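Asker: Sharing a structure with you now.
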Amino acid sequence: MKILKLALICALATFVQFSAKAQTLPVGTTALEDYYRRAQLLGTADSSVSFTVRPLFTGSITRGTNIFYPDSTAQKYTGFGSSRLWKPAKKNAFDIRLLPVSIQTQFNSDHPYGWNDGIMIPAKGLQGVLSAGVFAQYGPLTIQLRPEFLMAANSDFVTFNPNHYDVIFARYYDIYNNIDLPARFGTSGYNRVRWGQSSIRVNYKAMSLGLSTENLWWGPGIRNSLLMSNTAPGFLHATLNTTRPIKTAIGSFEGQLIGGKLNNSGYPPLEPGHTYFGTDLYVPKPTDWRYLAGIVLTWQPKWIPGLFLGFDQSSQTYGKDLNGIKSILPLFSPIKKVGAPDEAINKQDERSSLFMRWLWPQENAEIYFEWGHNNYTGDLTQAGLNPSESRAYIFGIRKLVPFNTAKQENILIGVEVTQLQETSFDKIKAGDEWYTSKGIPEGYTNYGEVLGAGIGPGGNLQTLEVSWVKGLKKIGLQFERYIHNNDFYYYAYYDSYDFRRHWVDLSIAANGEWNYNNLLFNVKIQGIKSLNYQWYLKQIGNTYFTNGANAINLQIQAGVTYRF
């Protein structure tokens, strides 16, 4: 018995010796996350980290032990390690630290706007999120507890112009009955407490196994990601993932395998609802829970430094339809052929993408691309003959231009284009859009927001950013053109093809991020002009070219983070 106990102690000691800290930098963390990505362009951060599998882990891109203090100048006046609530007596003993306290606010003056904001909801008026927590480690076991508290005024606004014809309302519901994407989350204030960026993990070398409610981001995009972003709140999932690149003879690899539970919002598409010939247009969603399986894998070939090639795939089904390992892990099944275009594939809702990121530190630049397919039901031959069907893509490029080398100042120029609009009119008439599903009418959502690109089904976005940057400090301008659900536009107005009705948002934003001692500040002021808001066109007399039902919206985001 003594020999057995001694063996167990030795095994645990070996395990602890090779354990890795699993403290994470939450997806979308103000200033810090993009600081590390810019540092790669400057050649001052580890260029083997792809930034396509996030959140980032301590040690994956930082050489120190505190991911919240990236430069040595910050450490000397904050007291490195001052976040500790318990000082370990020796290495690998019990350790507990305070995580940063963050308050983030958002205000929309006229109607909802924005994405990549986690627990926040699309809402008019003021809303705010408070997050804080602790991180504890004992040997290979780590616990990160970082809940989030949301309070939103959720003020009243017209969710769909009542002057639309009834048939347009009917066509609206044809689309939005196949996705849980409410225009407004109820008719009063919206308050929620969620687990947020929390996890419990067991870690060994570069691998981690655990349960998490953290937001995930897959792919190289900055404004959008086709399969996984932080637009929706995080969901409970089991995860097996790398915590840093795993080096092999052919290059390094990063990846993640998840199985999780998705939730409904519980709200209809519009407030108030609408009827058509006396029939309620809203079809309530099923009450059964949804299971999501997903995988992402990135390879950095050793022969081409800075190049990352990746693949990700997700599949959701209802919990009651789970049956065996193939339904729990359907990600390795071949592309399936079906007998009819509208035939469900094992009642699954699937999408996948291929992506690339190429980092050029010598040019202080990067280029990236993601190409995805949504619920594609053909075979590989059909995919080769018509690759644009059910496709979406993201393309981007960023470059740092030296501005004041002596003071380490640069000008950041970035361009990103996202295209989700369907190319097949037959698909549009059938109501087949990115993130919608007839077999799973909640679509690809969690708590009423899209898991992937925040611009939503049928949306297109073009972004230009020009900023001055120095370390964590950043001041700049952002210009965007956002086309709302062009698939719905073509579906709703296919009998007239009225090109004047496209709902297009033109916006300009001034934003800034600034660090001062322990504090990180962020602010963004964005003016948005919505042309033909909600696809409505006011016809005045016999004048053909006339101003649509335009709207002006002011969005203000502001926040502060305190780092211990």
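The values are calculated or read from the model by the stated rules, or taken from the named source; none is laboratory data. Quick caveat: nothing in here was measured; it's all calculated off a predicted structure. Backbone-built Cβ (ideal geometry, glycine too); neighbour counts: all protein chains shown.
Asker: Kindly provide the set of residues from the stretch 159-208 that are surrounded by fewer than 20 Cβ atoms within 10 Å (Cβ to Cβ) and acidic (Asp, Glu), ordered by number.
Answerer: Asp166, Asp174
Asker: Name the pairs whose Cβ atoms lie under 6 Å apart, with the first residue in the stretch 469-488 and touching a residue at least 12 places away in the same chain (Cβ under 8 Å), the second assigned to a strand (DSSP E or B) and among the β-branched types (Val, Ile, Thr), and 6 or more positions between them or separate chains?
Answerer: Listed pairs, sorted by first residue: Gly476/Val466; Leu477/Val466; Phe479/Ile508; Glu480/Thr463; Ile483/Val504.
Asker: Out of the residues in the stretch 232-265 that are of a type in the set (A, V, I, L, M) and touching a strand residue (DSSP E or B) at 6+ places or on another chain (Cβ under 6 Å), state the one that is farthest from Tyr435 (Cα to Cα).
Answerer: Among residues in the stretch 232-265 that are of a type in the set (A, V, I, L, M) and touching a strand residue (DSSP E or B) at 6+ places or on another chain (Cβ under 6 Å), the one farthest from Tyr435 (Cα to Cα) is Ile246.
Asker: Tell me whether the stretch 110-120 contains one or more residues that are assigned to a loop (DSSP other than H, G, I, E, B), of a type in the set (S, T, N, Q), out of contact with any Asp or Glu (no Cβ under 7 Å at 6 or more places or on another chain) and at pLDDT 95 or above.
Answerer: The answer is yes; a qualifying residue exists.
Asker: Has the stretch 209-220 got at least one residue that is of a type in the set (Ser, Thr, Tyr) and under 24 Å from Asp46 (Cα atoms)?
Answerer: no
So that you can scan it fast, the table gives a plain yes or no per residue for (1) among the aromatic types (Phe, Trp, Tyr); (2) at pLDDT below 65; (3) on the phi < 0 side of the Ramachandran plot; (4) not in a helix (DSSP H, G or I):
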residue: Phe15; (1), (2), (3), (4): yes, yes, yes, no
residue: Asp34; (1), (2), (3), (4): no, no, yes, no
residue: Arg37; (1), (2), (3), (4): no, no, yes, no
residue: Gln40; (1), (2), (3), (4): no, no, yes, no
residue: Phe51; (1), (2), (3), (4): yes, no, no, yes
residue: Thr65; (1), (2), (3), (4): no, yes, yes, yes
residue: Pro70; (1), (2), (3), (4): no, no, yes, yes
residue: Phe80; (1), (2), (3), (4): yes, yes, yes, yes
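Asker: For a quick check of your reading of the model, give me the residue pairs whose first member lies in the stretch 31-45 and is closer than 19 Å to Glu363 by Cβ, whose second is part of a loop (DSSP other than H, G, I, E, B) and aromatic (Phe, Trp, Tyr), with beta-carbon atoms closer than 9 Å and at least 6 apart or on different chains.
Answerer: Matching pairs, first to second residue: Tyr36/Phe51; Arg37/Phe51; Gln40/Phe51.
Asker: Sticking with this structure for a sec: Considering only the stretch 102-152, state which residues are surrounded by fewer than 18 Cβ atoms within 10 Å (Cβ to Cβ), farther than 15 Å from Trp195 by Cα and among the β-branched types (Val, Ile, Thr).
Answerer: The answer is Ile103, Thr105.
Asker: Would you kindly identify the strands (runs of 3 or more DSSP E) lying entirely within the stretch 209-311 that contain at least 1 residues that are buried (at least 21 other Cβ atoms within 10 Å of the Cβ) and at pLDDT 95 or above?
Answerer: Answer list for the stretch 209-311: 237-242, 251-262, 290-301.
Asker: Picking from Ala492, Ala510, which residue would you name as being aliphatic (A, V, I, L, M) and at pLDDT 95 or above?
Answerer: Ala510
Asker: Can you tell which of Ala11, Ala20, Ala74 is outside any helix (DSSP H, G or I) and either touching a Phe, Trp or Tyr at 6+ places or on another chain (Cβ under 8 Å) or at pLDDT below 90 (or both)?
Answerer: Only one candidate passes the filter, namely Ala20.
Asker: How many residues, within the stretch 192-211, are out of contact with any Pro (no Cβ under 9 Å at 6 or more places or on another chain) and either basic (Lys, Arg) or closer than 17 Å to Leu236 by Cα (or both)?
Answerer: Matching residues across the stretch 192-211 total 7.
Asker: Condition test on Asp487, is it more than 21 Å from the chain's Cα centre (by Cα), of a type in the set (Asp, Glu) and surrounded by 20 or more Cβ atoms within 10 Å (Cβ to Cβ)?
Answerer: So Asp487 fits the description; yes.
Asker: Kindly evaluate Phe94 against the criterion of being surrounded by 13 or more Cβ atoms within 10 Å (Cβ to Cβ), modelled with pLDDT of 65 or more and over 25 Å from Asn241 (Cβ atoms).
Answerer: No; evaluated as a whole, the condition is false for this residue.
Asker: Report, by residue number, each residue of the stretch 409-432 that is out of contact with any Phe, Trp or Tyr (no Cβ under 8 Å at 6 or more places or on another chain) and of a type outside the set (S, T, N, Q).
Answerer: Correct list: Ile413, Gly414, Val415, Asp426, Lys427, Ala430, Asp432.
Asker: Okay, moving on. In the stretch 195-230, how many residues are aliphatic (A, V, I, L, M), within 14 Å of Arg146 (Cα to Cα) and in contact (Cβ under 8 Å) with a residue 40 or more places away in the chain?
Answerer: 1
Asker: Can Gly454 be described as buried (at least 20 other Cβ atoms within 10 Å of the Cβ) and over 17 Å from Asn178 (Cβ atoms)?
Answerer: Here the answer is yes, as Gly454 does meet what is asked.
Asker: Same structure, new question: Of all the residues that make up the stretch 459-477, how many are surrounded by fewer than 24 Cβ atoms within 10 Å (Cβ to Cβ), more than 30 Å from Asn404 (Cα to Cα) and touching a Leu at 6+ places or on another chain (Cβ under 8 Å)?
Answerer: Summing the residues that are surrounded by fewer than 24 Cβ atoms within 10 Å (Cβ to Cβ), more than 30 Å from Asn404 (Cα to Cα) and touching a Leu at 6+ places or on another chain (Cβ under 8 Å) in the stretch 459-477 gives 1.
Asker: Is it the case, given these coordinates, that Phe545 is at pLDDT 90 or above and not in a strand (DSSP E or B)?
Answerer: No.
Asker: Could you tell me which of the residues Ala132, Ala183 is modelled with pLDDT of 95 or more, out of contact with any Gly (no Cβ under 8 Å at 6 or more places or on another chain), more than 29 Å from Leu297 (Cα to Cα) and not in a strand (DSSP E or B)?
Answerer: Ala183
Asker: A further question on this structure: Which one of these does Asp280 not meet: (1) among the charged types (D, E, K, R); (2) without any contact (Cβ under 8 Å) to a residue 12 or more places away in the chain; (3) closer than 30 Å to Leu257 by Cα?
Answerer: That leaves (3) as the condition not met.
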